[in-house]
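Worksheet for the structure shown next.
Read-outs: derived from the displayed coordinates by stated rules, not from any lab. Computed from a predicted model, the values in this text were never measured in an experiment. Neighbour counts run over all protein chains shown; Cβ positions are idealised from the backbone, glycine included.
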Amino acid sequence: MPQTIELTLDDELDSAVRAEWEVLAAAGLPSQALHLGLTNAPHVTLGVASALDAATAGRLTAVPLPDQIRLGGLLVFRGRRSSVVSRAVIPSAALLATHAAVDAAMAGAPGRPDLTRPGRWTPHVTLARRLDDARLAQALDLLADIPRELVGEPSALRHWDSDAKAVRVLRAR
């Protein structure tokens with residue numbers, strides 16, 4: 001099962017994203033608000049692997065946090081049968097450096113998808129998944145008036161262990 005390394009958002013950005021989740025959920029769309037796990041939080045995924053050993057986790061605790069997170073407009077990832085709607089995360093030099101440090105710390109970890117590697121990674125915060133074309137159009141209409149840019153800070157770098165269904169904070173602001 002996947003192991004992810006994620007940046008969580010400060011209270012203001014977290015609240016703004018959760019409000020967008022709620023707009024979608026209130027319309028009956030498959031929003032991230034419907035994921036009721038205690039560890040569910042708006043985040044930016046920096047790395048994915050099928051397993052992480054203690055040495056890798058130790059290296060990850062040294063990864064610096066960027067000073068700022070800027071959420072941009074909407075981003076759509078189209079799949080064969082459904083789409084994902086996200087907020088784009090505007091890549092700064094500091095965010096790209098953090099991502100590269102996570103990638104280096106995870107070198108050798110098994111099951112790392114190419115789309116999470118430097119040069120292929122698209123930073124984003126997911127709002128809704130599994131949207132067919134009609135629901136995608138509805139979601140985009142509902143979110144048409146969101147602020148184009150929100151600025152805040154990351155609150156922590158965390159490890160989501162999907163096997164244990166647990167989160168471990170690796171570094172906090």
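So the values come out like this:
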read-out	value
Helix-only CD estimate at 222 nm, as mean residue ellipticity for the chain, using -39500 (n - 2.57) per DSSP H run (n ≥ 4)	-8000 deg cm²/dmol
For a label point 7 Å along the Cα-to-beta-carbon line of ALA97, residues of the stretch 1-42 with backbone N under 19 Å	7-8
Extension reserve of the ALA164-PHE77 stretch, reckoned as 0.36 nm per residue once the Cα distance is removed	28.5 nm
Size descriptor, Kirkwood hydrodynamic radius, that averages inverse alpha-carbon separations across the stretch 62-133, Å	13.6 Å
Selection of trypsin sites (Lys or Arg not before Pro), the stretch 24-106, meeting DSSP coil and at most 11 other Cβ within 10 Å	ARG80, ARG81
Theoretical FRET efficiency, 1/(1+(r/R0)^6), r = Cβ-Cβ of SER15 and THR39, R0 25 Å, to 0.05	0.90
In nm, spacing of pseudo-spin labels at VAL151 and ALA172 (7 Å Cα→C-beta vector)	2.6 nm
